[in-house]
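See below for the structure under consideration.
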Amino acid sequence: MTTAVEQKITHEVRLHGRGGQGAVLASKILAKALVLSGQHVTAIPSFGFERRGAPVAAFMRYSNRPIRAVTNIYAPDYIICIDPSIPKAVDIFAGVQPDSTLIQATRNSAESLSCPAAVTRVVLCDAIAIGMEVFRRPITNTIMLGAFAKATGIVTLDGLRAGLESANFRDAGLEQNLIAVERGFNESIVKQRQGDTWV
Amino acid sequence: MATPALKLKHPGCAQSIVCDGNEAAAWAVALARPDVVAVYPITPQSSLVEYVSQFIADGKIEAELMNVEGEHSVLSALHGAALAGGRTYTATCGPGLAFMFEPYWRTPGMRLPIVASLVTRDGITPQCVWGGQQDAMTMKETGWIQIYCETVQEVLDTTVMAYRIAEHHDVMLPVNICHDGNYLSYGVTQVEVPEQSAVDDYLGEKNINWHVALDPLRPMAVDPLTGGAGGPGPAKFVAYRKGLCQGMQNALGVIEQAHADWAEIFGRDYAPLVEEYRLDDADYALVTIGSMTGAAKDAVDSARERGQKVGLIKIKTFRPFPVAAMTRALKKVRAVGVVDRSVHYGWDCGPLYQEVLSCLYRAGQPIAAGSFIGGLAGADLTEGHFARAIERTAQLLAGDEFDSPVWLNEHD
């Protein structure tokens with residue numbers, strides 16, 4: 001079945017995180033990977049006084065056609081949330097389009113996320129646990145890019161690896177992040193809405 | 001593991017990268033091979049000078065990097081470098097530009113072809129660190145050439161072109177390449193990087209201090225005390241001023257030629273002065289500047305689908321103002337809505353709107369005009385905002401004119 005979102009030419013992604021978690025860096029890596037997949041991409045971080053721990057967002061459009069608008073995202077069809085506690089702090093679902101996908105860092109169930117009806121698919125990834133194993137710290141940004149790749153199929157793991165390699169990580173950091181992306185991809189669980197339940 | 005390469009779409013390009021506008025500007029600086037770069041960081045310009053500094057540290061740019069104590073010293077240092085014959089670069093914005101002001105307005109009078117990126121930022125107060133064009137617009141009567149970019153690729157391309165324009169012997173003036181803080185400075189997209197050898201050919205041999213120099217072999221008075229009401233002063237002063245005005249007028253043709261040659265070598269064709277978009281059969285038009293233009297073009301397309309005969313005029317070169325090109329464009333329509341990302345306090349409108357009003361006088365035909373102001377201090381200008389501007393401009397056609405500006409983000 002082809003959903004309305006899959007027919008859509010331009011996709012709008014909003015990435016939520018907290019200052020210091022690398023949401024903006026993640027959006028740059030993802031932009032590179034999307035370009036490698038032949039997509040046109042514009043990524044814009046939301047901006048403010050950078051404070052560690054404060055909610056931040058990054059915006060991205062990708063399309064198989066050239067993109068002219070250099071604007072923020074108000075009607076996303078993909079929401080990537082790299083921090084488990086962010087949904088309590090900001091309305092991550094603002095403006096969400098019908099048949100949207102939420103890619104959420106969480107160890108909880110889809111039912112616990114209180115998704116509006118417009119969200120018909122969730123991708124769950126226990127990114128904090130993975131981050132603690134890979135980095136010994138709760139770093140989740142690149143793990144969640146792996147989850148995005150699984151959710152969309154629009155970017156490949158190879159594309160994300162290329163994005164990582166151009167992101168100026170030091171050697172050990174690059175190795176860890178390559179593992180992180182792959183574990184995010186492999187360990188994400190995709191759930192589809194069926195009425196009131198997720199299967 | 002080999003990194004998959006991005007495909008190149010244009011001739012004369014060496015590689016394709018994915019980067020933001022600040023990094024794109026830094027790549028342009030590398031391609032232009034400056035001799036001296038002086039910097040002081042300020043939001044949202046900081047990452048630009050960090051990229052340039054990194055390129056110098058990596059040996060990618062063989063330039064003297066001067067980390068000085070403030071923007072006044074930045075530009076003063078570049079004065080010395082340019083007088084010694086060096087190609088120079090800096091970038092600044094907002095309060096940094098304000099602190100640079102004294103050497104800044106000295107630069108055009110000395111006819112120094114310095115290139116400086118303005119990563120445009122709104123003015124203070126109230127306190128704000130976000131994008132807006134108030135800083136650049138405040139400087140519009142200082143004699144610097146000002147060129148505004150729409151896309152990240154255009155930032156890279158135009159920053160290289162700036163050296164060709166500034167150093168042209170009929171121009172010899174400093175150039176500001178303006179790119180919108182936040183939306184272009186941090187906006188990431190695919191960009192093609194020209195080949196070094198092609199850029200070397202494009203820019204040619206530099207000859208920067210043939211007219212004014214700090215050179216023991218050619219002793220001369222630089223920036224002499226002149227003017228006053230007697231002796232040779234008045235005529236001398238007029239010669240300086242008139243020469244600067246002539247240089248600005250010469251720049252219009254040089255900017256066009258620089259863009260035409262760029263298109264031929266690198267395949268990317270930008271309207272150098274004024275771009276006309278869906279204008280030929282339009283009844284009315286929006287006038288835009290900078291990165292807002294993409295969303296405005298989308299809004300024009302949507303309105304066209306609804307049967308509205310609307311077009312768009314984008315200004316790229318704001319100083320010198322392309323009076324003939326703008327007047328020619330305006331004469332194609334019967335109403336215009338001018339969207340500014342800054343404020344003209346004196347006239348209660350946007351600065352671009354005020355320039356357009358002057359062109360309407362030259363056009364010599366009745367064309368209704370209205371001022372819209374939006375995107376201040378990082379505020380977003382979306383297709384929805386431009387749809388409203390289009391509707392309100394359509395009402396001008398019906399005779400419903402307005403005097404005070406429409407503030408597009410007033411109810412966001």
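The values are calculated or read from the model by the stated rules, or taken from the named source; none is laboratory data. Bear in mind the structure is a predicted one, so any value in this text is a computation, not a measurement. Don't worry about glycine lacking a Cβ; one is built from the backbone with ideal geometry, like all the others, and counts go over all protein chains shown.
One table, with the values for the structure above:
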{"read-out": "Odd one out for A:I73 among (1) part of a loop (DSSP other than H, G, I, E, B); (2) more than 21 Å from B:G187 (Cβ to Cβ); (3) of a type in the set (V, I, T)", "value": "(2)"}
{"read-out": "Residue in the range B:240-253 that is assigned to a helix (DSSP H, G or I), touching a helix residue (DSSP H, G or I) at 6+ places or on another chain (Cβ under 9 Å), outside the structural domain of B:P108 (by TED's automatic domain parsing) and modelled with pLDDT of 95 or more present", "value": "yes"}
{"read-out": "Strands (runs of 3 or more DSSP E) contained in the range B:61-154 and holding at least 2 residues more than 14 Å from every other protein chain (Cβ to nearest Cβ) and closer than 24 Å to B:H168 by Cβ", "value": "B:88-92, B:115-120, B:145-148"}
{"read-out": "Of residues in the range A:124-167 being under 30 Å from B:K7 (Cβ atoms) and in contact with a Lys or Arg (Cβ under 8 Å, 6 or more places away or on another chain), the one nearest to the other protein chains (Cβ to nearest Cβ)", "value": "A:A162"}
{"read-out": "Contacts under 7 angstrom Cβ, first residue in the range B:344-365 being touching a residue at least 40 places away in the same chain (Cβ under 8 Å), partner surrounded by fewer than 14 Cβ atoms within 10 Å (Cβ to Cβ), 6 or more apart", "value": "B:D348/B:S404"}
{"read-out": "Unmet criterion (only one of (1) over 23 Å from B:T189 (Cβ atoms); (2) touching a residue at least 12 places away in the same chain (Cβ under 8 Å); (3) in contact with a Pro (Cβ under 8 Å, 6 or more places away or on another chain); (4) surrounded by fewer than 23 Cβ atoms within 10 Å (Cβ to Cβ)) for A:D99", "value": "(3)"}
{"read-out": "Within the range B:24-55, tally of residues that are free of Cβ contacts under 8 Å to residues at least 60 places away in the same chain, under 19 Å from the mean Cα position of the chain (by Cα) and either facing chain A (nearest Cβ under 10 Å) or surrounded by fewer than 20 Cβ atoms within 10 Å (Cβ to Cβ) (or both)", "value": "1"}
{"read-out": "Of all residues in the range B:165-205 being of a type in the set (D, E, K, R) and out of contact with any Gly (no Cβ under 8 Å at 6 or more places or on another chain), the one that is farthest from B:A251 (Cα to Cα)", "value": "B:E192"}
{"read-out": "Residues satisfying the stated conditions in the range B:379-400, i.e. within 14 Å of chain A (Cβ to nearest Cβ) and either in a loop (DSSP other than H, G, I, E, B) or at pLDDT below 95 (or both)", "value": "B:A379, B:D380, B:L381, B:T382"}
{"read-out": "Any hit, the range A:31-41, residues being closer than 23 Å to A:T156 by Cα, crowded, with 22+ Cβ neighbours inside 10 Å, in contact (Cβ under 8 Å) with a residue 60 or more places away in the chain and in contact with a Pro (Cβ under 8 Å, 6 or more places away or on another chain)", "value": "yes"}
